[in-house]
Amino acid sequence: MNVPASTPASAPGGQSTVRATAAAVAGTVFEWFDFFLYGSLAVVFGRLFFPPGHETAGLLAALAVFGAGWVVRPLGALVFGRIGDRVGRRRAFLITIVLMGFSTVAIGLLPTYAQVGLLAPALLVTLRLLQGLAVGGEFGGAATYVA
């Protein structure tokens, strides 16, 4: 049985497919870098955003906040999968990238526990949950572009 060989030139999309794939890969790298960055800085966050005097408790709390971002990832997949079905995968993918960027910048600008007390860890948890939603929603959009 003879099967004609497909060539790269016959691939649908051409240049636009390459650009979409590159954008999806760049977005994925950006989102996972942001997620990784928090994990790497958990020791510092424990000292800055939780009550002083209990370094171990602060580290554990910072790691729990890191874990909270992982726990909401499936919810992000559901929410942004639904958005992708209704308004388009591209728009949903862009929303997740913007949400991740906003959350990361906001974490960098957060006041510390010494400045605002318990509001600091509350804001940190909220922003980590937004990051988790963004990462969960981003995967489906990126997989659509790369596939």
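Under 15 Å from a point 7 Å along the Cα-to-Cβ line of residue 15: which residues of the stretch 71-102 have their amide N that close? The answer is none, because no backbone nitrogen lies closer than 15 Å to the label point. Site pair residue 55 and residue 98 shows an inter-label distance of 4.3 nm when each label is modelled 7 Å from Cα along Cα→Cβ.
Think of the stretch 16-146 as having a plus end and a minus end, set by charges on the Cβ of Lys, Arg, Asp and Glu; of 88, 52, 78, 88 sits farthest toward the positive end of this dipole. Dividing the mean sequence gap of close Cα pairs (under 8 Å, 6+ apart) by how many residues the chain holds gives a relative contact order of 34 percent.
Each Lys or Arg adds one and each Asp or Glu takes one away; over the other residues whose Cβ falls under 15 Å from the Cβ of residue 81, this sums to +4.
Here the calculated FRET efficiency for residue 63 and residue 122, from their Cβ-Cβ distance with R0 = 22 Å, stands at 0.80, rounded to the nearest 0.05. With contributions of -39500 (n - 2.57) from each DSSP H run of at least four residues, the per-residue ellipticity at 222 nm computed over the chain stands at -27000 deg cm²/dmol. Sorting the segments 122-130, 66-74, 48-56 by their mean number of nearby beta carbons within 10 angstrom, highest to lowest, gives 122-130, 66-74, 48-56. For the chain, the normalised intensity computed at q = 0.11, 0.21 Å⁻¹ comes to -0.50, -1.17 (log10 of I(q)/I(0), Debye sum over alpha carbons, equal scatterers, no solvent). Between residue 90 and residue 26, the contour length at 0.36 nm per residue exceeds the alpha carbon distance by 21.6 nm.
Using +1 on the beta carbon of Lys and Arg, -1 on that of Asp and Glu, and nothing else charged, what's the dipole of the chain about the Cα centre, debye to 20?
About 360 debye.
Readers should treat all values here as calculations from the given coordinates under stated rules, not as data from a laboratory. Here the structure is a predicted model, which means the values were calculated and not measured. Heads up, the Cβs are rebuilt from the backbone with ideal geometry, glycines too, and the neighbour counts pull from every protein chain shown.
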